[in-house]
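A short worksheet on the structure shown next.
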Ligand code: AMP
């Protein structure tokens with residue numbers, strides 16, 4: 001056989017193999033899509049998870065051998081790409097409206113009356129559960145998912161396609177059987193619904209967050225929205241999100257004529273459609289659906305916050321139209337906040353960072369609106385008396401706005417005989433100092449400056465999201481370091497070392513029941529977070545200092561009026577009060593804060609640590625003049641510690657290393673510099689003395705200041 005013949009044969013064999021593979025890939029995809037549909041859309045799996053996984057494995061292997069057969073609609077292609085720094089804005093095919101609310105059945109009846117008046121009679125109404133998640137718009141072009149977007153402001157949302165592709169119940173392509181009903185197959189079709197996080201996944205996610213020292217999500221809605229806005233789709237893929245789809249952007253795009261039929265079509269097309277729907281022909285039936293849904297609320301595996309009632313016919317919907325905010329043809333009946341009863345075990349007192357004492361209800365844990373409630377603030381002693389709650393009482397709890405737990409009041413019939421009226425203790429529960437109530441104030445306060453509870457709260461306030469936002473520095477770590485005397489004031493954060501953090505004792509235990517240290521992986525992350533906090537804007541630093549009456553907004557006002565801490569420190573009460581938004585009470589508190597020697601010392605140490613004490617219009621970012629340059633510090637400096645010098649260099653983009661090599665940019669040599677200095681000289685690395693370092697820092701890393709001073713590279 002000639003080589004030509006041989007290569008022809010090879011070619012043929014390859015083609016045969018490819019066409020076999022193509023046929024197998026197509027068959028596998030069809031089968032997998034069928035089972036995905038059975039599982040997610042119909043909730044009726046026909047094969048075991050194991051069998052499903054093995055089909056997926058075969059498909060993945062075949063696609064790896066024949067990359068030319070891979071396309072974006074393949075079930076293997078859910079996770080891919082990277083969203084990038086910013087989510088791209090997306091214009092919706094038509095506005096994504098909000099819904100008007102009916103807070104009780106009377107308001108719902110009033111809406112029905114308006115519908116009847118507008119249309120001459122009450123038409124059939126489609127009732128659905130109001131899923132408590134985040135709105136999502138899915139666009140299919142030629143039947144294939146091409147884009148997913150959040151609601152945003154209703155007109156423009158954010159592109160979250162890569163993340164939504166990872167949500168398993170979102171079909172990557174519409175099922176063939178359903179495509180016949182699409183009126184203009186060439187035009188993209190936008191479908192809408194809700195993306196949500198099931199209750200159990202939400203609880204697991206929050207448990208993991210707390211274990212890792214992160215703030216838990218307030219509710220499943222926030223968790224769903226947060227998971228959707230991840231930069232890395234792999235994170236979203238791990239979050240167990242799900243959808244219910246219930247609308248189109250354009251009713252005319254499909255041959256269906258009403259909401260009920262639309263839901264059937266959506267199910268046929270492969271979407272996850274909520275099975276709890278009713279087509280009602282009277283208001284009584286609608287009321288019945290609302291009551292039944294309220295009763296079932298708790299047993300559902302996902303959160304709902306009401307029932308949405310929609311005029312079923314699209315033609316009638318069009319006749320009724322929209323207000324500026326919402327359709328007239330639909331209404332959201334909101335459930336009243338869920339209430340539960342439980343036992344009030346104790347009323348404890350929490351000491352805040354400004355010394356305010358807050359009574360806290362400690363209750364037998366109870367699940368309310370999707371999460372466990374065991375504590376709730378009682379605000380102040382007057383509130384405790386007004387509500388007349390006593391230890392031992394059976395109390396009613398609910399979540400205000402479905403988020404914040406609240407004690408509504410006692411069930412008096414169940415009050416034990418020995419329940420005592422609660423009084424504020426006369427001494428601070430943390431430090432034992434006497435407590436005072438200032439005139440005109442609701443709160444009692446501990447006025448000791450050495451109160452450990454206050455100092456812990458001040459430290460936590462510094463790390464909090466609105467302040468310096470040091471992620472991972474939660475109650476457990478800060479509390480331990482504080483107890484050890486290693487973290488006393490906020491400037492101490494910038495003196496912590498990786499070794500110290502790694503040694504922090506946590507509540508996690510090993511098999512022998514011993515407490516585990518934090519470890520280096522986490523310690524490294526914390527060091528990076530602390531380091532990053534040096535770049536936070538001046539206004540956040542001011543807020544973080546925890547000056548009484550200086551909240552976020554006041555801090556921003558101050559940073560604008562006094563864009564430099566030294567100007568703020570020297571400002572008089574009159575100068576401060578002259579600023580719009582700063583009253584005499586705030587002014588007095590600021591002056592008192594900076595008149596305290598300890599506070600001024602903390603400010604100086606923060607300055608030394610490279611924390612921003614000056615406002616900068618340009619997002620307050622320091623110029624990164626030293627990017628790519630490595631510094632090595634050796635010997636003792638007199639005006640700052642080596643750590644502080646390192647931090648300030650890093651804040652300008654520099655790297656700081658512990659050993660000298662040919663790649664070292666500069667060695668900074670203080671008093672008694674040792675072998676590192678010798679090595680620098682041997683390798684020809686330029687050496688800076690302390691005045692040169694200071695000049696460089698003062699010039700925000702502009703190397704030009706070193707020219708002519710004998711150093712420079
Ligand atoms: P609201 O955000 O309170 O104005 O309520 C309106 C939102 O409810 C809509 O934007 C949807 O995201 C959401 N929603 C949840 N379930 C449904 C449903 N079955 N029909 C329509 N909207 C729903």
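The values are calculated or read from the model by the stated rules, or taken from the named source; none is laboratory data. On a predicted model such as this, the values are computed, not experimentally measured, just so you know. Glycine gets a Cβ as well: all are built from the backbone with ideal geometry, and neighbour counts include every protein chain shown.
All told, residue 452 meets the bar of being surrounded by 15 or more Cβ atoms within 10 Å (Cβ to Cβ) and under 15 Å from residue 349 (Cα atoms).
Has segment 342-361 got at least one residue that is touching a residue at least 60 places away in the same chain (Cβ under 8 Å) and closer than 30 Å to residue 95 by Cβ? For segment 342-361, residues touching a residue at least 60 places away in the same chain (Cβ under 8 Å) and closer than 30 Å to residue 95 by Cβ: absent. Restricting attention to segment 277-330, report how many residues are part of a strand (DSSP E or B) and in contact with a strand residue (DSSP E or B) (Cβ under 6 Å, 6 or more places away or on another chain). Total satisfying the criteria: 13. Hey, any hits in segment 165-178 for a residue that's away from the ligand (no atom under 16 Å from the Cβ) and exposed (fewer than 13 other Cβ atoms within 10 Å of the Cβ)? Within segment 165-178 (the criterion being away from the ligand (no atom under 16 Å from the Cβ) and exposed (fewer than 13 other Cβ atoms within 10 Å of the Cβ)), the answer is yes, since at least one residue qualifies. Applying the criterion of being buried (at least 19 other Cβ atoms within 10 Å of the Cβ) and part of a strand (DSSP E or B) to the residues of segment 357-373, the residue that is nearest to the chain's Cα centre (by Cα) is 371. Could you tell me whether any residue of segment 128-135 is at pLDDT 95 or above and in contact with a helix residue (DSSP H, G or I) (Cβ under 7 Å, 6 or more places away or on another chain)? Taking every residue of segment 128-135 in turn, at least one turns out to be at pLDDT 95 or above and in contact with a helix residue (DSSP H, G or I) (Cβ under 7 Å, 6 or more places away or on another chain). Applying a threshold of 8 Å to beta carbon distances and a minimum spacing of six or more residues, or different chains, the list of pairs starting in segment 60-73 at a residue that is more than 15 Å from residue 30 (Cα to Cα) and ending at one that is in a helix (DSSP H, G or I) reads 65/21; 66/18; 66/21; 66/22; 66/25; 68/18.
Within segment 260-275, is there a residue that is touching a strand residue (DSSP E or B) at 6+ places or on another chain (Cβ under 9 Å) and part of a strand (DSSP E or B)? No, because not a single residue in segment 260-275 is touching a strand residue (DSSP E or B) at 6+ places or on another chain (Cβ under 9 Å) and part of a strand (DSSP E or B).
Residues in segment 541-567 that are surrounded by fewer than 21 Cβ atoms within 10 Å (Cβ to Cβ) and in a helix (DSSP H, G or I): 552, 553, 556, 557, 560, 561, 566, 567. Residue 351: within 16 Å of the ligand (Cβ to nearest atom) and surrounded by 19 or more Cβ atoms within 10 Å (Cβ to Cβ), yes or no? Considered against the rule, which asks whether it is within 16 Å of the ligand (Cβ to nearest atom) and surrounded by 19 or more Cβ atoms within 10 Å (Cβ to Cβ), residue 351 comes out as no. Of the residues screened, residue 276 is one that is surrounded by fewer than 19 Cβ atoms within 10 Å (Cβ to Cβ), within 16 Å of the ligand (Cβ to nearest atom) and more than 25 Å from residue 158 (Cα to Cα).
So which of 207, 192, 151, 147 is more than 13 Å from the ligand (Cβ to nearest atom) and in contact (Cβ under 8 Å) with a residue 40 or more places away in the chain?
On the way: 207 fails: in contact (Cβ under 8 Å) with a residue 40 or more places away in the chain; 192 fails: more than 13 Å from the ligand (Cβ to nearest atom); 151 fails: more than 13 Å from the ligand (Cβ to nearest atom).
Among 207, 192, 151, 147, only 147 is more than 13 Å from the ligand (Cβ to nearest atom) and in contact (Cβ under 8 Å) with a residue 40 or more places away in the chain.
Scanning segment 118-134 for residues that are closer than 14 Å to residue 283 by Cα and either near the ligand (Cβ under 9 Å from one of its atoms) or touching a residue at least 60 places away in the same chain (Cβ under 8 Å) (or both) yields a total of 6.
Apart from one condition, residue 167 fits all of (1) under 19 Å from the mean Cα position of the chain (by Cα); (2) at pLDDT 90 or above; (3) not in a loop (DSSP other than H, G, I, E, B); the exception is (3). Can you confirm whether segment 538-560 contains a residue that is touching a strand residue (DSSP E or B) at 6+ places or on another chain (Cβ under 8 Å) and modelled with pLDDT of 90 or more? Yes, segment 538-560 has at least one match. Of all the numbered requirements in (1) in contact (Cβ under 8 Å) with a residue 60 or more places away in the chain; (2) within 15 Å of the ligand (Cβ to nearest atom), residue 262 misses one, and that requirement is (1). Residue-level analysis places residue 157 among those that are farther than 30 Å from residue 282 by Cα, crowded, with 20+ Cβ neighbours inside 10 Å, touching a residue at least 60 places away in the same chain (Cβ under 8 Å) and within 16 Å of the ligand (Cβ to nearest atom). Against the list (1) closer than 30 Å to residue 93 by Cβ; (2) part of a helix (DSSP H, G or I); (3) in contact (Cβ under 8 Å) with a residue 60 or more places away in the chain, the condition residue 202 fails is (1). Within segment 90-117, the set of residues being in a strand (DSSP E or B) and near the ligand (Cβ under 8 Å from one of its atoms) comprises just one member, 101.
Pairs linking a residue in segment 34-47 that is surrounded by 14 or more Cβ atoms within 10 Å (Cβ to Cβ) to a residue that is modelled with pLDDT of 85 or more and assigned to a loop (DSSP other than H, G, I, E, B), with Cβ atoms under 6 Å and 6 or more positions apart or on different chains, are 37/270; 40/169; 40/272; 41/270; 41/272. Number of residues in segment 568-588 that are in a helix (DSSP H, G or I) and crowded, with 18+ Cβ neighbours inside 10 Å: the value is 4. The residues listed here are 656, 602; of these, the one that is outside any helix (DSSP H, G or I) and surrounded by fewer than 20 Cβ atoms within 10 Å (Cβ to Cβ) is 656.
Of the residues making up segment 213-241, those that are crowded, with 19+ Cβ neighbours inside 10 Å and either more than 13 Å from the ligand (Cβ to nearest atom) or part of a loop (DSSP other than H, G, I, E, B) (or both) are 213, 217, 219, 223, 227, 233, 236, 237, 239, 241. Whether any residue in segment 45-66 is modelled with pLDDT of 90 or more, within 16 Å of the ligand (Cβ to nearest atom) and either in a strand (DSSP E or B) or touching a helix residue (DSSP H, G or I) at 6+ places or on another chain (Cβ under 8 Å) (or both) is what I want to check. No, that holds for no residue.
For segment 292-338, filtering for residues that are under 28 Å from residue 218 (Cβ atoms), more than 16 Å from the ligand (Cβ to nearest atom) and either crowded, with 17+ Cβ neighbours inside 10 Å or at pLDDT 95 or above (or both) leaves 1.
Would you confirm whether or not segment 489-511 contains a residue that is touching a residue at least 24 places away in the same chain (Cβ under 8 Å), part of a loop (DSSP other than H, G, I, E, B), surrounded by 15 or more Cβ atoms within 10 Å (Cβ to Cβ) and under 21 Å from the mean Cα position of the chain (by Cα)? No - not one qualifying residue is present in segment 489-511.
Kindly evaluate residue 90 against the criterion of being surrounded by 17 or more Cβ atoms within 10 Å (Cβ to Cβ) and modelled with pLDDT of 70 or more. Yes, satisfied.
If we keep just the residues of segment 614-624 that are more than 17 Å from residue 649 (Cβ to Cβ) and surrounded by 13 or more Cβ atoms within 10 Å (Cβ to Cβ), which is modelled with the lowest pLDDT? Write out each step before concluding.
Filtering segment 614-624 for residues more than 17 Å from residue 649 (Cβ to Cβ) gives 614-620.
Within this subset, residues satisfying the condition of being surrounded by 13 or more Cβ atoms within 10 Å (Cβ to Cβ) are 614-616, 620.
Details: 614: 94, 615: 90, 616: 78, 620: 47.
Among residues in segment 614-624 that are more than 17 Å from residue 649 (Cβ to Cβ) and surrounded by 13 or more Cβ atoms within 10 Å (Cβ to Cβ), the one modelled with the lowest pLDDT is 620.
Of the strands (runs of 3 or more DSSP E) entirely within segment 374-485, none holds at least 1 residues that are at pLDDT below 90 and touching a helix residue (DSSP H, G or I) at 6+ places or on another chain (Cβ under 6 Å).
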